[in-house]
């Protein structure tokens with residue numbers, strides 16, 4: 001089985017296993033997803049979803065958050081870890097949106113990457129979830145699982161994993177595929193415990209199991 005064939009089979013099986021999988025960060029406006037994905041670095045999405053409730057209660061729009069002092073933002077987001085750097089990035093990012101984009105989020109990948117605190121993972125998430133464009137989000141679940149499954153071979157650098165996946169994942173499938181990897185990585189192919197291979201829908205095609 002080629003990597004392309006394996007990728008298509010994995011996509012179809014995960015679709016059946018997690019038909020409604022989507023972004024696990026709560027948001028109702030694009031700028032809020034931008035904030036949440038920055039807070040999610042080295043923090044669980046569940047914790048971020050709780051913390052941002054207080055943040056948005058105090059700063060309900062881009063202009064309000066842009067006007068806030070980084071120290072005041074840090075006080076609220078500190079439970080997410082790395083509070084100082086995250087608050088600084090959020091402050092700078094919201095001010096750029098206010099001053100250069102009329103409070104909106106840029107719609108192209110390169111412009112997103114220029115925003116403070118926004119890397120390829122965040123930009124891809126925005127492109128896929130907000131704008132419905134092809135996207136591959138190489139978070140920790142994605143990197144761990146695609147290596148275990150055998151879609152990539154010992155690649156751990158996020159950008160290199162992304163580039164490798166672009167070659168074998170149909171563009172229209174990329175965003176949802178990565179969301180499903182998050183669900184599968186939490187439920188079955190876990191990081192902190194032994195993977196539950198006996199319950200895995202991919203066990204007969206996964207490189208880790210040794211079963212072909």
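Structure notes:
- Looking across 190, 209, 140, one residue alone is within 30 Å of residue 94 (Cβ to Cβ), out of contact with any strand residue (DSSP E or B) (no Cβ under 8 Å at 6 or more places or on another chain) and surrounded by fewer than 18 Cβ atoms within 10 Å (Cβ to Cβ). It is 140.
- Summed over region 33-51, the residues that are buried (at least 20 other Cβ atoms within 10 Å of the Cβ) and out of contact with any helix residue (DSSP H, G or I) (no Cβ under 6 Å at 6 or more places or on another chain) give a count of 2.
- Residue count for region 186-201 satisfying the condition of being part of a helix (DSSP H, G or I) and either touching a helix residue (DSSP H, G or I) at 6+ places or on another chain (Cβ under 6 Å) or within 23 Å of residue 135 (Cβ to Cβ) (or both): 2.
Per-residue answers, yes or no, for (1) modelled with pLDDT under 95; (2) touching a strand residue (DSSP E or B) at 6+ places or on another chain (Cβ under 6 Å); (3) within 23 Å of residue 171 (Cβ to Cβ):
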| residue | (1), (2), (3) |
| --- | --- |
| 4 | no, no, yes |
| 13 | no, no, yes |
| 19 | no, no, yes |
| 22 | yes, no, yes |
| 35 | no, no, no |
| 38 | no, no, no |
| 71 | no, no, no |
| 82 | no, no, no |
| 86 | no, no, no |
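- Within region 1-79, helices (runs of 4 or more DSSP H) holding 3 or more residues that are under 24 Å from residue 152 (Cβ atoms) and touching a residue at least 40 places away in the same chain (Cβ under 8 Å): 3-17
The values are calculated or read from the model by the stated rules, or taken from the named source; none is laboratory data. For clarity, every value in this text was computed on a predicted model and none was experimentally measured. In this analysis, Cβ positions are derived from the backbone assuming ideal geometry, glycine residues included, and neighbour counts consider all displayed protein chains.
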